Amino acid sequence: MNDRPYHHGDLRRAILAAALDVIAADGPAGLSLRDLARRAGVSHAAPAHHFRDRTGLLTAIAAEGHGLLAAALAEATDLREAGARYVRFAREHPAHFQVMFSPELLRADDLELTMARALSAAALTDAVAVTAPAGDGTDARLARIAVWSLAHGFATLLLGHNLDGLLGDEDPEEVLRALPMMLFPSA
């Protein structure tokens, strides 16, 4: 056995990456800090220095996910594009997506999470505002709920393979781009 102390270049990032792999394969229930430490080749106590506990790790994943989602939505030019970007985010970051919307797994009062959630909510609000400008009679809060429900529901069904037979070979992002037109003809 090597007696030299082990130095890990970026343990926090390594633990996050390993956790995302576990969640993608087994869901959040399969997550163990001890197992993640073993995967990273560090002591079983090392992850606690960065995340304190499992809830802290999941909260960090959710915060990172909201930041990534905000960045994805920020470049949307209209409602259809925002929905497509939301679905693309869910497909590219399924572990983040799963954890972000499981409040029972998270520290709701975590500052980083609160700020990241605000960023992703603002990006979605901006996308709705482009389509339904203030003063046109549209309730912006209800429009945001409708758009988010549509995109989130579609992404959740897609990730659960519940749409496989219905979509066939169609690009899910293109299908979602068409859906707002059914609900918001002026979108």
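The values are calculated or read from the model by the stated rules, or taken from the named source; none is laboratory data. Computed from a prediction, not measured in an experiment: that's the story for all the values here. Don't worry about glycine lacking a Cβ; one is built from the backbone with ideal geometry, like all the others, and counts go over all protein chains shown. Heavy atoms of the whole protein, side chains included, go into the accessibility calculation; ligands, DNA and RNA do not. Shrake-Rupley method; radii C 1.70, N 1.55, O 1.52, S 1.80 Å.
Is there a residue being open to solvent by 50 Å² or more (accessible area, probe 1.4 Å), at pLDDT 95 or above and touching a Gly at 6+ places or on another chain (Cβ under 8 Å) anywhere in region 96-109? Yes, there is a match, as at least one residue in region 96-109 is open to solvent by 50 Å² or more (accessible area, probe 1.4 Å), at pLDDT 95 or above and touching a Gly at 6+ places or on another chain (Cβ under 8 Å). Just one of the listed residues (74, 48, 95) is over 14 Å from the mean Cα position of the chain (by Cα), among the hydrophobic types (A, V, I, L, M, F, W, C) and closer than 24 Å to residue 158 by Cβ, namely 74.
Applying the condition of being open to solvent by less than 70 Å² (accessible area, probe 1.4 Å) and over 21 Å from residue 79 (Cβ atoms) to region 146-166 and asking which residue is farthest from the chain's Cα centre (by Cα) yields 160.
With respect to the conditions (1) modelled with pLDDT of 80 or more; (2) among the polar types (S, T, N, Q); (3) out of contact with any helix residue (DSSP H, G or I) (no Cβ under 6 Å at 6 or more places or on another chain), residue 186 falls short on a single one, namely (1). Scanning region 55-69 for residues that are surrounded by fewer than 21 Cβ atoms within 10 Å (Cβ to Cβ) and closer than 20 Å to residue 156 by Cβ turns up 64, 68.
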